[in-house]
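The block underneath contains the structure these notes are about, expressed in structure tokens.
The values are calculated or read from the model by the stated rules, or taken from the named source; none is laboratory data. Predicted, not measured: the structure shown is a model, and the values here were computed from it. Here the Cβ positions follow ideal geometry from the backbone for every residue, glycine too, while neighbour counts run over all protein chains shown.
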């Protein structure tokens, strides 16, 4: 089966000379959940605009399900659904009217369309307000309606440009749920995001894009593994015996795979590749030495760390406080050296 | 086939939006209604004093002009809706569907034409209540409405072109304000040219496209089917429409592809 998206050496230069996309290549398979992760202005939206026939590429080749983006654009428009970054729902129309219009423009008619609209409104939990004008909706409701309108014609492939930017955590979680459900039903999803957590949770595979170039490719766990260093945090039971803490540190340093050990008031922190495999070794050697472990934990590097690794920058330093759960600063997880 | 359907659905959308923002209709009707109620009182004795008014009441003379004034100012607002559709992303949302590209523009133009006709009907009913009547009756009214809608279509091209170029609703509104008054008052919409205006203005008025359409509609209301006037009105409107709508199409194509 051919890839549903096949992009080779895509370049897009805007009229003012800005090179928004600078020779990117990637493939997406049918039914994949694929992500483009990158900061504002990285070229994510521009790529989506080219892939959805809104912008004409400067050079390179783009094929959607084997159809050339320039010569078969009419065919492509029939099989794709697109949600742009800004929420686009007609505020003067009701939720149902918004859906019906989108269906009509996709040449759907009659009862089949009505039934489809009812199903989708139920899917995004808007049945109760189906006949209310969108102007009365909250931001989250508008976003859900926008998503539903892109699905009316049952697209094989949907493009979502930062579908959860500006949403509260609850609405964001709801959107994630719909997207996972759709993907399970066989829809290929191409998503862009600047949220690490979102890319990590949803995308089976992703590309990291920065300054119009793809800097890394792979599954979230592959990408994270590539940069190595998981963190192991360990606490021993206080037995009153002298030097136990120093002995524990020594044991960790001798464990194969561990690159660095730090001790702090909270206990010991060790850095290692594939820490999951090492934990068993640690437990065994501590057991043999008679040191009791109070707690042991492993945390993987986040995609945030991956982004930092490849670009040398944080993805949204100016909005670090807004980032969803988890550590926000790389250095913050290191205990202070003694 | 898809052109017809798509135009229809986008026309219905535009119309629904228009009906649901009645304040817009109210304001655009306000001006012609004030003209109708105030001017017909203010100038009632002038029409009797100047033979160039043709011996009819000022109401009879001015109603066709007020109808055209309404079409003129409404059509100059046409571009503001397309600016909204562009800036809010609706056009882009339409463009990623298989919708017929021309339907996006045609749906808008049909809605504008519908609006002009509906507003004209309201003005006409009011004028009838004040004592106005069409000598050519229903066929003449239909012909007059066709001329008025066609006239609106021709002028909407200017506002659409400006809207598509600047993407600024304020610019479109501003342009409407600047064009309306000089063009309207230097035409035969509200007063006759010869025997009333100073000579230089008679000349201006004779080149003013509004005059041609007003004269044709006025003939239909007061005299009957004067085919010469109707033909020259159609010719002038067609000329304007070709230029303005070609410019619109050019600008629209640049956005679409």
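Things worth noting here:
- Single match in B:116, B:125 (criterion: more than 14 Å from chain A (Cβ to nearest Cβ), surrounded by 23 or more Cβ atoms within 10 Å (Cβ to Cβ), closer than 22 Å to residue B:25 by Cα and free of Cβ contacts under 8 Å to residues at least 60 places away in the same chain): B:116
- Some residue of region A:72-79 being over 26 Å from the mean Cα position of the chain (by Cα), more than 21 Å from residue B:5 (Cβ to Cβ) and either more than 14 Å from chain B (Cβ to nearest Cβ) or surrounded by fewer than 17 Cβ atoms within 10 Å (Cβ to Cβ) (or both): yes
- When A:148, A:122 are screened for being more than 9 Å from chain B (Cβ to nearest Cβ), at pLDDT below 95 and buried (at least 17 other Cβ atoms within 10 Å of the Cβ), only A:148 passes.
Condition check ((1) farther than 30 Å from residue A:7 by Cα; (2) without any contact (Cβ under 8 Å) to a residue 24 or more places away in the chain) across all residues:
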position	(1), (2)
A:225	no, no
A:230	yes, no
A:246	yes, yes
A:255	yes, no
A:261	yes, yes
A:284	yes, yes
A:292	yes, no
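- One residue from B:68, B:86 being touching a helix residue (DSSP H, G or I) at 6+ places or on another chain (Cβ under 9 Å) and closer than 25 Å to residue A:147 by Cα: B:86
- Identity of the residue in region A:214-229, part of a strand (DSSP E or B) and in contact with a strand residue (DSSP E or B) (Cβ under 6 Å, 6 or more places away or on another chain), that ends up surrounded by the most Cβ atoms within 10 Å (Cβ to Cβ): A:214
- The set of residues from region A:278-312 being part of a strand (DSSP E or B) and closer than 21 Å to residue A:259 by Cα comprises A:293, A:295, A:296, A:297, A:298, A:299.
- Taken over region A:245-265, the residue count meeting the criterion of being touching a strand residue (DSSP E or B) at 6+ places or on another chain (Cβ under 6 Å), over 16 Å from residue A:277 (Cβ atoms) and part of a helix (DSSP H, G or I) is 3.
- Qualifying residue in region B:187-198 (condition: assigned to a helix (DSSP H, G or I) and surrounded by fewer than 23 Cβ atoms within 10 Å (Cβ to Cβ)): no
- Where helices (runs of 4 or more DSSP H) fall entirely within region B:1-87, those with at least 1 residues that are crowded, with 16+ Cβ neighbours inside 10 Å and within 14 Å of chain A (Cβ to nearest Cβ) are at B:2-19, B:22-34, B:78-87.
- Summed over region A:46-66, the residues that are more than 11 Å from every other protein chain (Cβ to nearest Cβ) and crowded, with 18+ Cβ neighbours inside 10 Å give a count of 8.
- Between B:148, B:158, B:162, the distinction of being crowded, with 17+ Cβ neighbours inside 10 Å, at pLDDT 95 or above and part of a helix (DSSP H, G or I) belongs to B:148 only.
- All positions within region A:183-213 that are crowded, with 21+ Cβ neighbours inside 10 Å and within 21 Å of residue A:30 (Cβ to Cβ): A:188, A:189, A:190, A:191, A:192, A:199, A:202, A:203, A:206, A:207
- Selection count, region B:88-99, where residues are in contact with a strand residue (DSSP E or B) (Cβ under 8 Å, 6 or more places away or on another chain) and either under 14 Å from residue A:73 (Cβ atoms) or more than 7 Å from every other protein chain (Cβ to nearest Cβ) (or both): 1
- Within region B:214-223, not a single residue is under 25 Å from residue B:49 (Cβ atoms) and not in a helix (DSSP H, G or I).
- Which numbered condition residue A:180 misses (of (1) within 14 Å of another protein chain (Cβ to nearest Cβ); (2) at negative phi; (3) surrounded by fewer than 16 Cβ atoms within 10 Å (Cβ to Cβ)): (1)
- Residue A:142 meets the conditions (1) within 14 Å of another protein chain (Cβ to nearest Cβ); (2) surrounded by 23 or more Cβ atoms within 10 Å (Cβ to Cβ); (3) not in a loop (DSSP other than H, G, I, E, B) in every case but one. The failed one is (2).
- When A:49, A:75, A:57 are checked against the criterion of being outside any loop (DSSP other than H, G, I, E, B), free of Cβ contacts under 8 Å to residues at least 60 places away in the same chain and touching a helix residue (DSSP H, G or I) at 6+ places or on another chain (Cβ under 9 Å), A:49 stands alone in meeting it.
- Per the conditions (1) within 14 Å of chain A (Cβ to nearest Cβ); (2) touching a residue at least 24 places away in the same chain (Cβ under 8 Å); (3) surrounded by fewer than 22 Cβ atoms within 10 Å (Cβ to Cβ), the sole criterion not satisfied by residue B:136 is (1).
- Any hit, region A:97-113, residues being surrounded by fewer than 18 Cβ atoms within 10 Å (Cβ to Cβ), assigned to a helix (DSSP H, G or I), more than 14 Å from chain B (Cβ to nearest Cβ) and free of Cβ contacts under 8 Å to residues at least 24 places away in the same chain: yes
- When residues of region A:80-96 are limited to those that are surrounded by fewer than 19 Cβ atoms within 10 Å (Cβ to Cβ) and within 18 Å of residue A:140 (Cβ to Cβ), the one nearest to the other protein chains (Cβ to nearest Cβ): A:86
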